[in-house]
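Reviewing the structure listed below.
Values in this text are rule-based calculations from the coordinates and carry no lab data. Keep in mind it's a predicted model, so treat the numbers as computed, not measured. Glycine also receives a Cβ, built like all others from the backbone with ideal geometry; neighbour counts cover every protein chain displayed.
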Amino acid sequence: MLSIQAIPALGEHLNYIWLIQPENKNTVLIVDPGEAAPVIEALTSQNLTPIGILITHHHWDHVNGVAELVERYQLPVYGPKHEPIPHQSYLLTSTDTLTLPDFPAITILDIPGHTEGHIAYLTEGHLFCGDTLFGAGCGRLLGGTAAQLYDSLQHIMTLPPCTKIYCGHEYTADNLRFAQIIEPDNTDIAQRTKEIGRCIGIRDSTSKANIPFNTLPSTLALEILTNPFLRCHLPSVHAVAESYARNTLTDPLAVFTILRDWKTHF
Ligand SMILES: [Zn+2]
């Protein structure tokens with residue numbers, strides 16, 4: 001059994017750094033440390049010992065804390081094979097499995113699209129997917145193609161529905177506003193929006209915005225019901241995308257491509 005902890009980071013960027021800890025152990029893995037200070041604070045206050053850093057992709061808000069953490073704790077850095085990651089010790093791709101002391105096996109998924117070499121870490125039904133899949137949304141195209149991102153999301157959809165989804169950012173509320181435009185009659189989207197409204201509050205001391213927090217992890221089952229980017233095969237979503245595009249769309253990938261572009265300008 002693992003316990004997973006969220007560390008909000010980087011204020012208005014709404015990043016999450018995740019700590020993965022085996023039951024009855026004080027060792028942890030650190031996922032995507034975009035800054036070091038809140039990680040050091042969490043480790044120190046809880047007397048935790050880090051044994052490694054897992055990186056999903058190369059963007060600054062996922063790696064900026066690496067150098068300071070490596071210097072302080074002498075940690076190995078695991079990251080995608082095809083992206084430049086600071087202090088990287090291990091170059092990972094989908095044929096790799098991590099076996100670390102005290103931890104269950106961690107499998108690697110290649111999920112390009114947000115960036116060209118983006119990977120995810122899957123262990124005991126917990127998926128750390130960086131900026132590929134968000135609560136009710138998905139990442140922007142910042143290096144990869146729409147087809148790559150679409151395929152990566154389709155690949156994630158083949159995992160068990162109970163898979164818990166740990167994203168790189170707290171974007172769920174904003175994404176649900178878009179989802180409601182795409183599917184105004186979807187009662188699951190309405191229900192999720194209502195539930196998230198209950199946890200409105202200040203996310204951390206550095207963020208002045210009054211925004212929802214703690215919407216993660218979600219489950220793959222919930223994403224399949226409420227995330228428009230996983231629902232491009234549905235006739236109603238297809239029709240809305242065609243109306244926006246003012247064009248005929250031939251397949252779910254074309255629908256996905258339109259939705260991704262629409263959301264970027266939303
Ligand atoms: Zn990113």
Problem set entry | Selection count where residues are in contact with a Ser or Thr (Cβ under 8 Å, 6 or more places away or on another chain) and over 15 Å from residue 229 (Cα atoms), scope segment 174-187 | 1
For this session: Only residues that are away from the ligand (no atom under 16 Å from the Cβ) and either over 16 Å from the mean Cα position of the chain (by Cα) or buried (at least 23 other Cβ atoms within 10 Å of the Cβ) (or both): list them for segment 166-175, please.
Result: 172
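If you take the residues of segment 117-146 that are surrounded by fewer than 17 Cβ atoms within 10 Å (Cβ to Cβ) and within 16 Å of the ligand (Cβ to nearest atom), which of them is farthest from residue 228 (Cα to Cα)?
Filtering segment 117-146 for residues surrounded by fewer than 17 Cβ atoms within 10 Å (Cβ to Cβ) gives 124-125, 140, 142, 145.
In the following step, the residues that additionally are within 16 Å of the ligand (Cβ to nearest atom) were identified as 140, 142, 145.
On the way: 140: 14, 142: 20, 145: 18 Å.
The qualifying residue farthest from residue 228 (Cα to Cα) is 142.
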Problem set entry | Verdict on residue 187 being surrounded by 15 or more Cβ atoms within 10 Å (Cβ to Cβ), over 30 Å from residue 23 (Cβ atoms) and free of Cβ contacts under 8 Å to residues at least 40 places away in the same chain | no
Problem set entry | Candidate set: segment 217-245, residues that are of a type outside the set (A, V, I, L, M) and in contact with a strand residue (DSSP E or B) (Cβ under 9 Å, 6 or more places away or on another chain); chosen: the one nearest to residue 256 (Cα to Cα) | 229
Exercise. Taking residue 178 and the conditions (1) in contact (Cβ under 8 Å) with a residue 60 or more places away in the chain; (2) within 14 Å of the ligand (Cβ to nearest atom); (3) within 26 Å of residue 244 (Cβ to Cβ), which numbered condition does it fall short on, given that it satisfies the others?
Worked result: (2)
Exercise. What is the residue count in segment 103-116 for residues that are more than 12 Å from residue 79 (Cα to Cα) and crowded, with 20+ Cβ neighbours inside 10 Å?
Worked result: 7
For this session: Could you list all residues from segment 1-56 that are assigned to a strand (DSSP E or B) and touching a Ser or Thr at 6+ places or on another chain (Cβ under 6 Å)?
Result: 21, 27, 49, 51
